[in-house]
Amino acid sequence: MVRRIQLRVSLKEESQPNILLKKTAKYLSEDEKNITIKVLRKSIDARKPSIYFNYKMEVYINEKPSKTPDYEFKYLDVSKAKEVHIIGFGPAGMWAALRCLELGYKPVVLERGNNVQDRRRDLKAINQDHRVNEDSNYCFGEGGAGTYSDGKLYTRSLKRGDVRRIFESLVHHGATDQILIDAHPHIGTNKLPKIVQNIRETIIEHGGEVHFNTRLTNFTVKDNKIKSLQLQNGNEMKVNRVILATGHSARDIYYLLNDKKISLKAKSFAMGVRVEHPQQIIDSIQYHCSGERNELLPAAAYSLVEQVKNRGVYSFCMCPGGFIVPAATAPGEVVVNGMSPSKRNNKFANSGIVVEINADEDLYKYEHFGVLKGLEYQKDLERLAFTAGGRTQTAPAQRLTDFVEGKLSADLNPTSYQPGLNSAPLHSLLPKLIGGRLRQGFKAFGDKMKGYYTNEANIVGVESRTSSPVNIPRNEKLEHPEIEGLFPCGEGGGYAGGIVSAAMDGERCAEAATAGL
Ligand code: FAD
């Protein structure tokens with residue numbers, strides 16, 4: 001017999017051996033040796049000082065759970081199959097390629113950046129020498145923007161596909177099966193490269209192709225149908241179906257499409273700064289403790305949102321126990337983002353705090369840029385950060401309360417941001433639309449989380465790559481309405497926001513691109 005039950009385990013109980021088994025046996029009035037537990041979900045309830053773990057479980061009484069995973073991935077040998085070209089090997093491109101293997105089509109992936117191993121050198125060059133390789137950086141390269149990240153896997157887009165399928169395929173490629181259980185699963189930047197490499201190996205082993213250092217520079221359209229791809233190495237490839245999964249930082253692709261008069265739309269997005277607190281401050285607020293957090297508890301996270309003058313101000317991509325990283329994709333700009341190792345054991349907590357930018361109402365000074373107005377606005381802010389940071393990858397920063405009170409900081413707090421910080425008057429440098437709302441937002445956050453609004457935190461500029469400022473349209477067949485065979489996909493098209501939703505969109509585009517091929 002199988003029973004589904006929920007149990008609460010206190011922090012004190014959690015440290016006791018076999019506590020779940022003991023509590024379950026007692027709850028069901030069964031003998032411990034007759035039951036086997038399969039945990040379905042584990043979450044932490046820290047709303048009150050007495051913290052609990054909530055478990056959802058399947059309990060097998062006098063029987064054993066099946067070891068078969070929910071999904072079995074059957075990848076076919078596609079070496080002689082029809083080809084689907086995939087531009088970009090981020091989550092959207094990777095899962096598009098995996099889905100092609102299941103459907104019996106050969107994915108040919110073209111990726112502008114390096115493989116995960118060589119990409120490390122490019123990241124070191126940004127962090128230590130302030131040199132940005134325009135093809136291989138924190139956003140570009142094998143695994144896309146998701147490789148050197150926190151690897152948070154939660155998504156709000158539950159309806160947009162099967163989240164569980166993506167999780168199971170991550171486990172299939174080496175992720176811990178803990179991600180199937182945790183209410184807020186994450187993988188960590190130290191584990192992601194191996195998983196990404198395993199995905200690449202699956203693709204190649206089954207007859208697919210993955211080409212690194214291969215940037216798409218142009219393509220040919222004839223009779224409204226995509227015909228060939230031109231690459232930066234001078235090669236040309238004849239194509240039939242192309243999945244365009246180049247992410248939201250591939251500005252050259254938006255320019256290319258716009259120059260070719262292929263329709264695009266301006267899209268609302270968000271920009272702001274990254275705030276960094278000592279992790280201990282966040283732990284003490286969230287876990288109601290004064291010193292170190294209990295060792296059974298993970299580094300605490302938070303999620304904040306406030307409406308300020310008709311625009312949302314909210315936390316984005318919060319990284320507990322993490323690092324702020326330089327996420328620029330070209331020289332002359334400063335962009336910050338965050339990542340964490342799997343243990344989230346760094347001593348800082350960072351999060352983007354961003355303001356909604358409404359493409360129809362907020363960008364009137366940029367109207368002459370047409371559909372690319374948001375992109376140009378983004379670029380201006382990143383250039384401003386570069387100048388204010390000191391014209392290197394050093395980022396402009398300010399103590400949090402100084403920012404809100406409009407004072408230049410005499411000095412800054414310690415930081416995890418490796419290229420370093422430069423004190424700058426962000427309160428006056430940021431456009432009012434963003435700076436003014438952030439200042440009000442931070443104060444409101446301080447009311448919601450006592451201790452959050454503190455001069456022990458820095459704000460670091462700028463957090464500008466939250467989502468795409470451009471939408472590449474597609475029809476009900478997921479094809480660009482004007483170009484047969486071109487399938488805009490993932491975050492770059494405006495169809496995803498995060499690793500999991502991009503992966504799900506990749507799967508959907510593979511299904512659409514192979515239909516009737
Ligand atoms: P991308 O991941 O951007 O991939 C696009 C790929 O296309 C890149 O590899 C790029 O090199 C390639 N490309 C671009 N132009 C060309 C071209 N012309 N020719 C060939 N190839 C090209 N999301 C989460 O859900 N959880 C997180 O914890 C998280 N943390 C993040 C941390 C950081 C530092 C960053 C930068 C992002 C983070 N994100 C996170 C966001 C997440 O990474 C993206 O939402 C996701 O990667 C989007 O997937 P994608 O495949 O659509 O695009």
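See the values below:
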{"quantity": "Order of D360, D380 under a 10 Å beta carbon neighbour criterion, fewest first", "calculated": "D360, D380"}
{"quantity": "Förster-model FRET efficiency, 56 Å R0, V305 and D77, C-beta, rounded to 0.05", "calculated": "0.70"}
{"quantity": "Charge tally in the Cβ shell below 11 Å around S464, where Lys, Arg are +1 and Asp, Glu are -1, S464 excluded", "calculated": "0"}
{"quantity": "The stretch 207-270 versus the stretch 173-201: alpha-carbon centroid distance in Å", "calculated": "29"}
{"quantity": "Net length gained if the chain between D380 and I204 were fully extended (0.36 nm per residue, minus Cα distance)", "calculated": "59.3 nm"}
{"quantity": "Over 31 Å (Cα to Cα) - which of K191/K450; K82/K379; K261/K309; K379/K450; K124/K347 fall in this group", "calculated": "K191/K450; K82/K379; K261/K309; K379/K450"}
{"quantity": "Cα gyration tensor shape for the chain, rounded if a/c is under 1.5, else prolate or oblate", "calculated": "oblate"}
{"quantity": "The stretch 378-457 versus the stretch 305-357: alpha-carbon centroid distance in Å", "calculated": "12"}
{"quantity": "Selection from Y27, G493, S268, by position along the positive dipole direction of the chain (Cβ)", "calculated": "Y27"}
{"quantity": "Distant-in-sequence amide H partners of N218 (H built 1.01 Å from N, under 5 Å)", "calculated": "Q230"}
{"quantity": "Sum of side-chain charges, N455 neighbourhood, beta-carbon under 13 Å (Lys, Arg +1; Asp, Glu -1)", "calculated": "-3"}
{"quantity": "Fewest-first sequence of H85, H206 by Cβ atoms within 10 Å of each Cβ", "calculated": "H206, H85"}
{"quantity": "Under 14 Å, Cβ to Cβ, from N127 - net charge with Lys/Arg +1 and Asp/Glu -1", "calculated": "+3"}
{"quantity": "Overall dimensions of the stretch 266-463 by Cα: Rg and Dmax, Å", "calculated": "16.4, 55"}
{"quantity": "Paramagnetic reach from R131 (point 7 Å along Cα→Cβ, amide N under 17 Å) across the stretch 393-434", "calculated": "393-394, 419"}
{"quantity": "Neighbour-count order for L98, L296, fewest beta carbons within 10 angstrom listed first", "calculated": "L296, L98"}
{"quantity": "Separation in nanometres of the label points that stand 7 Å from Cα toward Cβ, at N422 and D177", "calculated": "5.2"}
{"quantity": "Label point distance in nm, K443-T387, each placed 7 Å from Cα along Cα→Cβ", "calculated": "2.9"}
{"quantity": "Additional length obtainable on full extension of the chain from D162 to K56, 0.36 nm per residue less Cα span", "calculated": "36.1 nm"}
{"quantity": "Selection of GluC sites (Glu not before Pro), the stretch 48-153, meeting DSSP coil and at most 16 other Cβ within 10 Å", "calculated": "E63, E72, E134"}
{"quantity": "Pair N18, K450: separation of 7 Å Cα→Cβ label points (nm)", "calculated": "4.3"}
{"quantity": "Sparse-neighbour loop sites [trypsin sites (Lys or Arg not before Pro); the stretch 391-441; at most 16 other C-beta within 10 Å; DSSP]", "calculated": "R391, K407"}
{"quantity": "FRET efficiency, 1/(1 + (r/R0)^6) with R0 51 Å, evaluated for L11 and T217 via beta carbons", "calculated": "0.35"}
{"quantity": "At R0 = 35 Å, FRET efficiency that the Cβ-Cβ distance of E476 and Y154 yields, to 0.05", "calculated": "0.80"}
{"quantity": "Under 23 Å from K80, Cα to Cα: lysines that are on another chain or at least 8 residues apart", "calculated": "K106, K227, K238"}
{"quantity": "Global geometry of the stretch 32-178, whether rounded, prolate or oblate, following the gyration tensor of its Cα atoms and the 1.5 cut on a/c", "calculated": "oblate"}
{"quantity": "Taking only Cα atoms of the stretch 1-100, radius of gyration then Dmax in Å", "calculated": "21.2, 61"}
{"quantity": "Extension reserve of the K64-E484 stretch, reckoned as 0.36 nm per residue once the Cα distance is removed", "calculated": "146.1 nm"}
{"quantity": "Mean Cβ count within 10 Å, highest first, over the residues of peptides 28-40, 410-422", "calculated": "410-422, 28-40"}
{"quantity": "Overall Cα dimensions of the stretch 2-61, principal axis frame, Å, largest first", "calculated": "35, 20, 15"}
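Values quoted throughout were computed directly from the atomic coordinates according to the rules given, and no laboratory measurement underlies them. This one's a predicted model, so the numbers in the text were calculated from it and none came from an experiment. When we count neighbours, we look across all protein chains shown, and the Cβ atoms used for this are built from the backbone with ideal geometry, even at glycine.
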